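Input: a single structure, listed below in structure tokens.
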Ligand code: FES
Ligand code: FES
């Protein structure tokens, strides 16, 4: 299999590597870069577990070739906590009990993070649409929606206080 040089920004830091043309971004992140916060589930675009941000937009990394990240900014769940402080969306899932086993949670959080960057006050319908590619087998989905609403409110309050 042909390989190519790959350069992109991962969680704010430049990464240079060599990747087979057919390697998926999900596998590259988990196996090469040990970013195991991004989970693998269906491997077929059905569950949303593998969601990461590319240039700020949520994508399914199991359907994305690693080489397509060339020159882009990739963000995984590992990027959200800073100096021991959870991001608003992580806090939302914690406070609102938006996860149980937690296996689906990184995918939900990255999908929600992408939404909140473009919509500061998402409606319930907007949240459902943004999270429509994600599946949870444990929780009621109500708690997940409440987690996103919590994060949106916290971000707005923080901005207003600044
Ligand atoms: S592992 Fe990517 S959508 Fe399921
Ligand atoms: S919390 Fe277990 S699958 Fe979602």
Check: Where a ≥ b ≥ c are the square roots of the eigenvalues of the C-alpha gyration tensor, would you call the range 29-127 rounded, which needs a/c under 1.5, or, failing that, prolate if a/b is larger than b/c, or oblate?
Finding: rounded
Note to self: Apply the a/c threshold of 1.5 to the C-alpha gyration tensor of the range 12-86 and tell me whether it is rounded, prolate or oblate.
What the structure shows: oblate
Check: Angle between the Cα long axis of helix 105-118 and the longest principal axis of the chain, 0 to 90 degrees, nearest 10?
Finding: 80
Check: So how tilted is helix 141-161 from the main axis of the chain? Cα-based, degrees 0 to 90, rounded to 10.
Finding: 80
Check: With each label point set 7 Å from Cα along the Cα-Cβ vector, what nm distance links residue 118 and residue 161?
Finding: 2.9
Notebook entry, point to check: So if R0 is 30 Å, what FRET efficiency would residue 15 and residue 83 give, r being the distance between their Cβ atoms, rounded to the nearest 0.05?
Noted result: 0.85
Next item on the list: Give the calculated FRET efficiency between residue 5 and residue 94 to the nearest 0.05, with a Förster radius of 30 Å applied to their Cβ-Cβ distance.
Entry: 0.15
Notebook entry, point to check: Under the rule of -39500 (n - 2.57) per DSSP H run of 4 or more residues, summed and divided by the residues of the chain, what mean residue ellipticity at 222 nm is obtained, to the nearest 500 deg cm²/dmol?
Noted result: -9500 deg cm²/dmol
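Throughout, read-outs are computed from the coordinates displayed, never taken from laboratory work. Note that the coordinates shown come from a computational prediction; the quantities given were computed from them, not determined experimentally. All Cβ positions, even for glycine, are placed from backbone atoms using ideal geometry, and neighbour counts span all protein chains on display.
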